[in-house]
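All of the numbers you see were taken from the coordinates with simple rules; none came from a lab. Being a predicted model, the structure only gives us computed values, none of them experimental. Counting neighbours? That spans all protein chains shown, and the Cβs are built from the backbone with ideal geometry, glycine included.
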Amino acid sequence: MTTRAKDTIYRNNDPVSAFVFDDKVADVFTDMINRSVPGYSTIIAMIGTLAERYAQDDSLCYDLGCSLGAATLAMRANIKAKGCWIVAVDNSAPMIDRFQQVLNKDKRSIPVQLQCADISDVDIGNASVVVLNFTLQFVAQQKRAELIRRIYDGLRPGGMLILSEKIHFEDAELNTLFIDLHHRFKEQNGYSQTEISRKRAAIENVLVPETLRAHESRIRAAGFASFAVWFQCFNFASMVAVK
Ligand code: GEK
């Protein structure tokens with residue numbers, strides 16, 4: 001299992017620089033994401049359940065922006081289809097290195113291929129499940145439509161895209177409400193107001209959220225026949241789309 005060192009990155013008073021997935025973040029990532037993303041553990045568990053249902057025999061399941069591999073491990077534990085491989089990709093070497101160490105100890109049999117690469121450059125083909133769990137939000141906005149189109153093209157008929165994202169609301173009142181509720185959630189999980197505002201400054205322009213409407217129209221434009229939001233808590237949502 002992944003270690004769970006405590007995230008204290010924004011406790012100091014150093015000048016805030018743009019957020020990067022470096023060694024310091026990778027060391028505390030499990031704690032950071034669990035205390036920062038409402039519903040994260042539920043979403044990970046459901047990715048396992050959805051993969052159990054949608055993984056097809058002799059196909060590939062992709063975890064794009066895998067970090068320490070939580071979604072990959074959930075899929076690996078649940079997929080029953082025969083002859084499946086999981087391809088897990090991240091462009092942060094510190095994440096891939098740590099995930100490799102976790103994998104070395106994971107005894108399950110589904111093969112996992114780890115790639116340290118930009119997901120915009122990865123070939124996607126013969127796929128039955130593609131997971132983008134809080135990753136698309138870090139991809140340059142002008143590259144998002146092409147990536148979703150390539151995922152659609154690489155999926156087999158009946159294959160599923162699972163897309164989880166931080167979201168933005170057109171309604172200013174609700175947008176402010178959900179940002180405030182998210183910050184309250186982080187406070188309840190032990191982050192101070194200073195830590196919350198320093199992280200917010202670091203992540204601005206690095207994580208660019210969009211509306212659910214923007215996600216749905218991009219997904220439908222790529223050709224997906226079915227789309228739904230299956231989970232939402234405040235300004236965090238998880239969507240499914242089936243080819
Ligand atoms: C989880 N899915 O635990 N190419 C490859 N990787 C990227 C790119 C890119 N262009 N941009 C960002 N990343 C995980 C959590 S975290 C979400 C995903 C978060 C990677 C980045 O290095 C990081 O590991 C991950 O996407 C985003 O289910 O930190 O909020």
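Out of the trypsin sites (Lys or Arg not before Pro) in the stretch 57-111, which ones are loop residues according to DSSP with at most 15 other C-beta atoms within 10 Å?
Answer by residue number: LYS80, LYS82, LYS107, ARG108.
What are the lysines whose alpha-carbon lies under 17 Å from the alpha-carbon of LYS143, with same-chain residues fewer than 8 places away excluded?
none
Given the rule -39500 (n - 2.57) for each run of at least 4 DSSP H residues, summed and divided by the residues of the chain, what is its mean residue ellipticity at 222 nm, to the nearest 500 deg cm²/dmol?
-13500 deg cm²/dmol
Highest mean first, what order results for 22-30, 162-170, 205-213 on Cβ atoms within 10 Å?
Top of the packing list down: 162-170, 22-30, 205-213.
What dipole magnitude, in Debye to the nearest 20, does the chain give about its Cα centre under +1 on Lys/Arg Cβ and -1 on Asp/Glu Cβ?
560 debye
If Lys and Arg each add +1 and Asp and Glu each add -1, what is the summed charge of the other residues whose beta carbon sits under 9 Å from the beta carbon of MET160?
+2
Using Cα springs under 10 Å in a Gaussian network model of the chain, which residue among LEU174, LEU161, LEU136 shows the largest mean-square fluctuation?
Largest GNM mean-square fluctuation: LEU174.
Could you work out the Kirkwood radius for the chain, taking every pair of different alpha carbons, averaging 1/r and inverting it, reported in Å?
Computed over the chain, the radius equals 18.3 Å.
In the stretch 211-239, whose amide N lies under 18 Å from the spot 7 Å out along Cα-to-Cβ of ALA145? List them in ranges.
211-225
How big is the antiparallel share of DSSP beta bridges in the chain, given as a percent to the nearest 5?
40 percent
Going Cα to Cα from LYS186, which lysines come in below 24 Å? Please leave out same-chain ones fewer than 8 positions away.
Answer for LYS186, where 24 Å is the Cα cut-off: LYS6, LYS24, LYS166, LYS199, listed by chain and number.
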